[in-house]
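What follows is a short report on a single structure.
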Amino acid sequence: MHLILGMRCYRGFVPRPRTYTTDAIVLSRFDLGEADRVMTLITPGDGKLKAIAKGVRRPTSRLGGSVEPFAELRIQLAHGRTFDVVTQVVVGHAWLNLRDTLESAATAWYLAELADRSLEERHPAESLYLLLLRAYELLDAGMAPGRVARWYEMHLADELGQRPEVDRCVECDRVLEATDTFRWVPPLGGVLCQREAGPPAERAGLSLEALKLLKAYQRMDVEAIAGLRVPITVEREVETALRAFVAIALEREARSLAFLDEVRSTPASARSMG
């Protein structure tokens, strides 16, 4: 009897395949040893995972430059003890235009870092994968990097369940009116009206034009956002607001922002990566 039960259990057991294939985007990487490279990937089904490309830094490696950032990959992996092992890579979309300027490339690194910090390992992440994929497509198509970053930040917050409140006061729930004065208070989750005192340390005002732009990033199609005409002062105001909101949501500011801001302070004529 025990033998029969044992045979049934054995027959019902389905061993995990040694290899699997997935779409992936490289979020970060570091060199290991003389020739290997460890990568953090975002995938739709398995979420964030770490994988090692063995010997990839050797000139004779068949993987060569295929496991690079800023590309959508079709990647085959073998299960490993510490890291899964890259066995085959096919580049789906290389997004070569994205790499043409330092600002678009630096923005891509920033978006990747935000995705990395938003994810736990081995949790499905299809929505965040598609969000990053779309952002890279927009950068590659030539959309202003700042606009792409703001759109991404707004929708990332939404995916994290921390959708900013831009229609009602976060304290009294009163509908915001155009005649009000506003403050942006990330720790409370959005806009505070003039009737509420709010935290003493949070006294930054928000203009009506900036509030309208925040609403646009939350509601409009990204193609429509690309065509908006907005004063640079309003763009900067919204940039500051959304960066602060994301930093609160992820509990710290992204390290890549320092490099991005340095790149943006460089004259445009000197930014080409070609």
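The values are calculated or read from the model by the stated rules, or taken from the named source; none is laboratory data. Everything quoted here is computed from the prediction, not taken from an experiment. In this analysis, Cβ positions are derived from the backbone assuming ideal geometry, glycine residues included, and neighbour counts consider all displayed protein chains. SASA here: full protein model, heavy atoms, side chains in, ligands and nucleic acids out. Shrake-Rupley method; radii C 1.70, N 1.55, O 1.52, S 1.80 Å.
When segment 174-218 is filtered for residues that are modelled with pLDDT under 95 and charged (D, E, K, R), the ones remaining, listed by number, are R174, E177, D180, R183, R195, E196, E202, R203. Selection of first residues in segment 59-87 that are touching a residue at least 12 places away in the same chain (Cβ under 8 Å) and at positive phi and of second residues that are open to solvent by less than 30 Å² (accessible area, probe 1.4 Å) and among the aromatic types (F, W, Y), restricted to Cβ pairs under 8 Å at least 6 apart or on distinct chains, gives the following pairs, ordered by first then second residue: F70/W95; F70/Y136. Here M143, M154 are screened, and the one residue that is in a loop (DSSP other than H, G, I, E, B), buried (at least 18 other Cβ atoms within 10 Å of the Cβ), within 18 Å of the chain's Cα centre (by Cα) and at pLDDT 90 or above is M143. Counting only residues that are surrounded by fewer than 19 Cβ atoms within 10 Å (Cβ to Cβ) and not in a loop (DSSP other than H, G, I, E, B), how many does segment 114-131 have? Here the count works out to 6.
Could you tell me whether any residue of segment 94-106 is in a strand (DSSP E or B), farther than 26 Å from R255 by Cβ, in contact (Cβ under 8 Å) with a residue 40 or more places away in the chain and within 20 Å of the chain's Cα centre (by Cα)? Scanning segment 94-106 turns up no residue that is in a strand (DSSP E or B), farther than 26 Å from R255 by Cβ, in contact (Cβ under 8 Å) with a residue 40 or more places away in the chain and within 20 Å of the chain's Cα centre (by Cα). Scanning segment 27-44 for residues that are of a type in the set (V, I, T) and in contact (Cβ under 8 Å) with a residue 60 or more places away in the chain gives T40, I42, T43.
With respect to R62, is the statement that it is outside any helix (DSSP H, G or I) and either out of contact with any Gly (no Cβ under 6 Å at 6 or more places or on another chain) or not charged (D, E, K, R) (or both) true? Judged against the criteria, R62 is a match.
Note on segment 82-113: residues that are among the hydrophobic types (A, V, I, L, M, F, W, C), closer than 29 Å to D261 by Cα and surrounded by 16 or more Cβ atoms within 10 Å (Cβ to Cβ) amount to 10.
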